[in-house]
Amino acid sequence: MLIGFSGACNSGKTTLANALAKELRKKGYNVELVGEVVRDVFRVFQRLYGFRDLKELRESEHHFQFQLKVLKTQIERENSALNRVEIVLSDRTIYDNLFYTIFWNSMDWKTLKEYVGIFKSLGERRYDLIFFCKPLRNNAKDGFRDYDLNYIDIQDLTIRLLVDRERVVDVPDESLENRISFCLEKLGEILKV
């Protein structure tokens, strides 16, 4: 079972995914968390090209190659985890990556065509459930996507339009404990947790 966490930056996806993984393990489920792939791929590009931050990479000629690598890595990690455990929690989804690819488009149509081809080839690949997290308004900066805080509302709206709506559950903007309880309740409808 593949469960995704989607939404704009600064919406608590990582915190919620980690906390939910911990709770599911306590209940005896074999769970693996696929962390936010973009950070790992960024470190590779940072070593290769010396980028200081994500904003600098996005403004470079390497942006689409970066997004393509993020997509491929996300798919590889999710598939690999699905072969090992019964529940995979994925911090971000391929839809989030699609948003960033389109939003930061630098007119590299050749790579965009390759990206769209890979995305389309996923065919029936679906997340069993996507927890869509609303942006939190505390303006917390994480030092990585700080620049994206300027675009939270655009991210929220666009990612909502891209995700597979049949399987999306909006997570309430409440305390972490309430968010965990809410997610466990929704998963309970599928897993009997």
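Only the coordinates and a few stated rules stand behind these numbers; no lab work does. From a predicted model like this one, the values you see are computed outputs, not experimental measurements. Note that each Cβ is placed from the backbone with ideal geometry, even for glycine, and that neighbours are counted across all protein chains shown.
Values as computed for the structure displayed
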| quantity | calculated |
| --- | --- |
| Ranking of Asp53, Asp91 by count of other Cβ atoms within 10 Å, fewest first | Asp53, Asp91 |
| Chymotrypsin sites (Phe, Trp or Tyr not before Pro) restricted to DSSP loop in the range 1-61 with at most 16 other C-beta within 10 Å | Tyr29 |
| Which of Arg25, Arg77, Arg43 has the fewest Cβ neighbours within 10 Å, and the rest in rising order | Arg43, Arg25, Arg77 |
| Gain upon complete extension [Glu174, Met1; 0.36 nm per residue less C-alpha separation] | 59.7 nm |
| Sequence of Val168, Val116, Val70 once ranked by neighbouring C-beta atoms within 10 Å, starting from the fewest | Val116, Val168, Val70 |
| Cα-projected label distance for Leu184 with Lys27, points at 7 Å along beta-carbon direction, nm | 0.7 nm |
